[in-house]
Amino acid sequence: MTDRTIVAEAGRDLDGDPVEVLRAVWADALGVDEVDPDEGFFDLGATSEMILGVVRELRRRWPDLRIVDVFSHPTVGQLAAFLSR
């Protein structure tokens, strides 16, 4: 079994609807085409290492995002709602 790690794409557009931004970042991290916004990150196969990479990338738009925020809001929908406040 191989762990996937995420490397932030230089120039990735993180502007736009938070749900769509999060879906795109998570899809890349998980190596899938689409992410259901209501399914949990760990249920989709995310690892703690992936979360670190995703948070690192998302901080370009949301600099105050903490790792604990992802654990507290474990779906795209929940995290998008949290980040939109």
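Rounded to the nearest 20 debye, the dipole size of the chain about its Cα centre is 440 debye, using +1 on the Cβ of Lys and Arg and -1 on the Cβ of Asp and Glu.
Given their separation in residues at 0.36 nm each and the Cα-Cα distance between them, Glu20 and Ser48 gain 7.9 nm when the chain is fully extended. Estimated purely from DSSP H runs of n ≥ 4, each contributing -39500 (n - 2.57), the mean residue ellipticity at 222 nm for the chain is -13000 deg cm²/dmol once divided by its residues. Would you calculate the convex hull of the Cα atoms in the chain and tell me its volume per residue in Å³? That works out to 86 Å³ per residue.
With each label modelled as a point 7 angstrom along the Cα→C-beta vector, the Val32-Arg61 pair spans 1.9 nm.
FYI, it's all coordinate maths here, none of it is from the lab. Model, not experiment: these values are computed from the prediction. Cβ atoms come from the backbone with ideal geometry, glycine included; neighbour counts cover every protein chain shown.
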